[in-house]
Ligand code: FEO
């Protein structure tokens with residue numbers, strides 16, 4: 001396996017993992033993923049930026065060997081093991097290399113793996129490192145996944161190495177996002193499931209990055225953004241763009257009652273001209289629901305009642321949404337029960353972390369009947385009235 005030269009001074013020495021199907025034991029990966037590691041060459045010194053998941057040690061080692069790499073610096077932008085996991089091996093292989101990371105990353109790295117502490121040097125925000133005729137600048141950017149994260153910028157060439165930020169789980173034969181069909185959709189799913197809880201800090205980082213002359217973005221997952229404005233504009237939209245006239249209906253159904261409610265709602269909202277994304281949680285992966293919720297005005301969760309509580313699949317979706325904190329403005333619960341149940345308060349308690357207005361829940365006993373459909377119609381009218389106030393309806 002060979003290193004791939006993607007720029008005059010940058011080689012990709014990472015790993016492709018097209019067969020991985022789930023990340024964090026949670027989010028399905030329809031396109032696999034990559035762990036990108038970058039070798040940057042200056043006239044006097046060289047640096048390796050991030051490594052790969054240790055399962056793919058052979059790919060990193062072979063690609064480094066193919067160019068006779070001898071890094072003077074091992075830069076860790078992010079301590080999570082899919083990027084830092086090969087640092088101990090790199091430290092052994094290159095015994096004179098210095099390990100550079102943010103102050104917060106140092107202790108995290110020492111907690112997560114065996115590393116020689118005396119070889120770790122923390123770098124300050126804005127600090128520069130000379131490689132001879134090239135300069136690396138370190139930008140502390142906490143919460144582009146974890147609190148210790150930083151970005152590295154190759155100043156003279158305008159190449160940004162942002163680790164998870166701007167990433168996508170997308171294994172592809174092309175190095176370039178402009179040639180990878182569907183990568184922006186996967187970048188949105190990635191944003192939704194990794195970055196969405198950190199909308200505010202990411203907004204500040206975007207402001208700061210706007211002051212840099214960025215020509216190429218090389219994230220730690222997925223293709224590189226050779227048209228960097230594409231992903232930067234998308235992130236601006238996802239973090240602070242308008243909330244859309246869109247409703248996400250995520251439901252699970254056991255005996256058709258909740259499904260009929262969901263589909264009736266869909267019809268009514270569609271009639272009103274509202275975009276409706278409907279997901280049967282038994283069939284769809286939660287990554288798609290999360291991506292859909294990034295800019296949705298309303299999110300509705302539908303559940304049947306199982307032994308007095310919400311269905312576990314709906315519980316899982318509600319819990320994940322509470323963790324991901326979408327910017328949605330209205331949240332509602334609907335569902336069905338056989339004799340009695342506490343599924344609505346159960347789900348609402350899980351969703352406490354989502355700061356938005358709650359809609360009046362709609363529940364039915366058994367199959368929905370005429371009166372029940374009237375209540376669903378009322379819910380649809382309420383949503384349409386709320387959405388009339390959204391900026392994209394003005
Ligand atoms: Fe790809 Fe937060 O690690």
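Bear in mind these aren't lab numbers, they're just calculated from the coordinates by the rules spelled out. Computed from a predicted structure; not experimentally measured. With ideal geometry, Cβ positions are generated from the backbone for all residues, glycine too; neighbour counts draw on all protein chains shown.
Summary of values
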| read-out | value |
| --- | --- |
| Computed [θ] at 222 nm, deg cm²/dmol, the chain (DSSP H ≥ 4; -39,500 (n - 2.57); rounded to nearest 500) | -9500 deg cm²/dmol |
| Degrees, to the nearest 10: 57-66 long Cα axis against longest axis of the chain | 40 degrees |
| R0 of 22 Å, Cβ-Cβ distance residue 256-residue 323: FRET efficiency to nearest 0.05 | 0.15 |
| Span per principal axis, largest first, for the Cα atoms of segment 244-386 (Å) | 36, 31, 26 |
| Förster radius 35 Å - calculated FRET efficiency between residue 392 and residue 339, Cβ distance, rounded to 0.05 | 0.25 |
| Fully extended contour minus Cα-Cα distance, from residue 377 to residue 237, at 0.36 nm per residue | 47.3 nm |
| Computed log₁₀ I(q)/I(0) - Debye formula, equal Cα scatterers, no solvent, the chain, q 0.14 Å⁻¹ | -1.10 |
| Rel. contact order, % - alpha carbon contacts under 8 angstrom, at least six apart, segment 4-240 | 17 percent |
| Theoretical gain in end-to-end length, residue 307 to residue 357 [0.36 nm per residue, Cα-Cα removed] | 15.2 nm |
| In degrees, nearest ten, helix 312-324 long axis to first principal axis of the chain (Cα) | 50 degrees |
| Separation of alpha-carbon centers, segment 356-394 and segment 251-291, rounded to whole Å | 13 Å |
| Segment 106-163-segment 1-37 distance, computed between alpha-carbon centres (Å) | 20 Å |
| Debye-sum result for segment 350-391 in log10 I(q)/I(0), which assumes one identical scatterer on each alpha carbon, at q = 0.22, 0.28, 0.30 Å⁻¹ | -0.84, -0.97, -1.02 |
| Packing-based exposure ordering (other Cβ within 10 Å, fewest first) of 229, 339 | 339, 229 |
| Label point at residue 127 placed 7 Å out along Cα→Cβ; residues across segment 81-99 whose backbone nitrogen lies under 14 Å | 98-99 |
| Nearest-0.05 FRET efficiency for residue 206 and residue 19, computed from C-beta distance (R0 35 Å) | 0.60 |
| Degrees between helix 370-387 axis and first principal axis of the chain (Cα, 0 to 90, nearest 10) | 40 degrees |
| Estimated distance in nm for a label pair at residue 365 and residue 227, the labels positioned 7 Å out from Cα along Cα-to-Cβ | 5.8 nm |
| Residue 58 versus residue 92: modelled label distance in nm, points set 7 Å from Cα along the beta carbon direction | 1.8 nm |
